[in-house]
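Take a look at the structure set out below.
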Amino acid sequence: MIQKLDYLQESPSQTAGPYVHIGCMPNFAGIDIYGGDLGAQMKTGAVQGQEITINGVIYDGTNTPLRDVMIEIWQPDAAGLFPSANETRGTPDPNFTGWGRAPGNMETGEFMFDTVKPGAVPYPDGRMQAPHITAWIVARGINIGLHTRIYFDDEDQANAADPILSRIEFPSRIPTLLAKKTGEGAYRFDIYLQGPNETIFFDI
Amino acid sequence: MSLIKQTGGYVPRDRNWQPDALTPAYKTSIKRSPQAALLSFPTTLSEESSPVFGHKLIGELDNDLILNHAQTGESAIGPRIIVHGRVLDEMGRGVPGALLEFWQANAGGRYRHQKESYLAALDPNFGGCGRTITAGDGSYELRTIQPGPYPWPNGMNDWRPAHIHFSIFGHGFAQRLITQMYFEGDPHIKLCPIVDALKSQKAVDALTALLDMHRTVPMDSRAFKFDIVLRGQRQTYFENRKEGL
Ligand SMILES: [Fe+2]
């Protein structure tokens with residue numbers, strides 16, 4: 001008999017449903033447990049680099065905010081180092097977790113992250129990527145979590161040289177990946193699941 | 001001479017296997033599904049790294065839903081079960097240190113959530129959430145009560161099969177996954193528009209836990225086995241990256 005490739009199939013995704021908070025942010029859902037919700041704080045002390053906030057709303061195809069959404073972000077510290085077990089390029093900021101998890105507000109849908117401006121990280125071929133944050137969105141009605149990236153609209157030069165941004169087939173959609181500076185250290189990143197402003201989502 | 005093992009990126013997600021964003025029978029997906037093509041790129045450091053969750057994070061009762069929200073001396077109501085299995089990658093390697101978070105309805109099919117309106121009673125001793133971290137071989141277990149099926153607004157008479165939601169964190173953000181575990185033999189599995197988002201019977205089977213009499217605790221709890229597979233990372237002895245990474 002011909003040999004077999006003994007690989008397993010990734011577990012199929014299923015929607016997080018309307019009650020994702022119970023499992024991933026139970027204290028937000030009113031269940032007092034674990035002494036707090038994971039990912040609610042990205043800073044555990046004084047951090048290096050520029051502290052920033054990112055606010056936004058995730059809209060469905062009718063322009064209605066998703067009020068039952070959960071969004072997670074993952075990013076390097078201000079020096080471009082990940083607080084990850086496999087980071088070998090240096091010692092990341094010990095007071096920065098790199099990982100945040102936020103609900104959409106149950107009335108307005110607004111989410112907020114209190115983080116730092118990420119440093120640049122190389123692409124696999126060694127070129128530098130523009131500073132960016134990886135984001136992942138789950139909610140009722142979303143069968144498989146949506147990956148996107150948050151870049152910054154005040155990083156023109158880095159964005160122009162970014163290996164991914166510069167290869168996007170429809171450049172008119174690039175602004176959907178740019179967080180807009182709204183003040184000193186404040187950015188806005190709204191996400192559209194559908195429509196003329198549909199955010200670019202990644203298969204990455 | 002020692003060969004230095006290079007790690008490549010994660011194997012791409014099999015989009016012919018994973019559910020599509022748009023599955024009209026699950027009505028909410030219609031206005032919440034992106035319509036443009038996804039932008040495909042190989043994983044980079046941002047997707048090949050992930051936060052570290054130490055075993056210290058986990059409290060003694062975190063994986064015991066029968067007790068972790070119960071008054072002292074009391075316990076949650078419902079059929080007592082153990083769910084166990086391994087977290088593996090696509091190459092079959094165990095994934096140690098993976099964070100699993102799980103949540104579910106109580107035995108009557110009712111969630112503890114302010115937006116939940118099903119008339120089934122709340123169980124004062126049941127919160128409905130738990131978490132654990134996989135051991136060195138990728139194994140995990142939790143104790144809970146078997147959740148009940150519940151009705152949900154979609155069609156006029158749609159019921160979810162009994163299920164436990166799982167959120168899984170592996171070693172790379174590319175592996176991030178949320179899914180649901182079903183129970184062998186549940187007649188609602190075939191009727192559910194959310195299950196029907198899966199593309200094949202094989203995919204449904206991959207999310208269906210089997211009764212495992214070997215792990216049952218006699219006179220105490222039945223057991224179900226549920227393995228979870230995360231995306232695998234290529235490993236090669238051949239360098240295909242430039243210096244500086
Ligand atoms: Fe559910």
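The values are calculated or read from the model by the stated rules, or taken from the named source; none is laboratory data. Fair warning: this is a prediction, and the values are worked out from it, not measured in the lab. Every residue, glycine among them, receives a Cβ derived from its backbone with ideal geometry; neighbour counts consider all protein chains shown.
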Worksheet item: residue B:19 is checked against (1) more than 30 Å from residue A:83 (Cα to Cα); (2) facing chain A (nearest Cβ under 7 Å); (3) touching a residue at least 40 places away in the same chain (Cβ under 8 Å); (4) over 22 Å from the mean Cα position of the chain (by Cα) and fails just one. What number does that condition carry?
Response: (4)
Worksheet, complete the sentence: Within the range B:203-221, the count of residues that are over 17 Å from the mean Cα position of the chain (by Cα) and either closer than 22 Å to residue B:167 by Cα or surrounded by 14 or more Cβ atoms within 10 Å (Cβ to Cβ) (or both) comes to 5
Worksheet item: Would the range B:161-168 turn up any residue that is touching a Lys or Arg at 6+ places or on another chain (Cβ under 8 Å) and either more than 15 Å from the ligand (Cβ to nearest atom) or over 28 Å from residue A:21 (Cβ atoms) (or both)?
Response: yes
Item to complete: Tell me which residues, restricted to the range B:169-191, are within 12 Å of the ligand (Cβ to nearest atom) and under 15 Å from residue A:70 (Cα atoms).
Response: B:178, B:179
Worksheet entry | the range A:191-204 - residue that is surrounded by 17 or more Cβ atoms within 10 Å (Cβ to Cβ) and more than 8 Å from every other protein chain (Cβ to nearest Cβ) and, of those, farthest from the chain's Cα centre (by Cα) | A:192
Practice prompt. Can you confirm whether the range B:65-78 contains a residue that is in contact (Cβ under 8 Å) with a residue 12 or more places away in the chain, within 11 Å of another protein chain (Cβ to nearest Cβ) and within 16 Å of the ligand (Cβ to nearest atom)?
Written response: yes
Worksheet, complete the sentence: The lone condition residue A:76 fails out of (1) within 7 Å of chain B (Cβ to nearest Cβ); (2) within 28 Å of residue A:192 (Cα to Cα); (3) buried (at least 22 other Cβ atoms within 10 Å of the Cβ) is (1)
Response to the item:
Of (1) surrounded by fewer than 22 Cβ atoms within 10 Å (Cβ to Cβ); (2) modelled with pLDDT of 95 or more; (3) part of a loop (DSSP other than H, G, I, E, B); (4) within 20 Å of the chain's Cα centre (by Cα), residue A:87 fails just (2)
Fill in: From the options B:50, B:29, residue that is in contact with a Phe, Trp or Tyr (Cβ under 7 Å, 6 or more places away or on another chain) and facing another protein chain (nearest Cβ under 7 Å)
B:50
Worksheet item: For residue B:196, which of the numbered conditions (1) crowded, with 16+ Cβ neighbours inside 10 Å; (2) within 16 Å of the ligand (Cβ to nearest atom); (3) under 18 Å from the mean Cα position of the chain (by Cα); (4) not hydrophobic (A, V, I, L, M, F, W, C) fails to hold?
Response: (1)
Discussion item. Please verify whether residue B:125 is out of contact with any Pro (no Cβ under 9 Å at 6 or more places or on another chain), away from chain A (no Cβ under 11 Å) and more than 30 Å from residue A:173 (Cβ to Cβ), treating the condition exactly as stated.
Written reply: yes
Discussion item. Given the criteria without any contact (Cβ under 8 Å) to a residue 60 or more places away in the chain, closer than 28 Å to residue B:24 by Cβ and either more than 11 Å from the ligand (Cβ to nearest atom) or more than 9 Å from chain A (Cβ to nearest Cβ) (or both), does residue B:118 qualify?
Written reply: yes
Worksheet item: Limited to the range A:52-73, what total is found for residues that are within 8 Å of another protein chain (Cβ to nearest Cβ) and in contact with a helix residue (DSSP H, G or I) (Cβ under 6 Å, 6 or more places away or on another chain)?
Response: 3
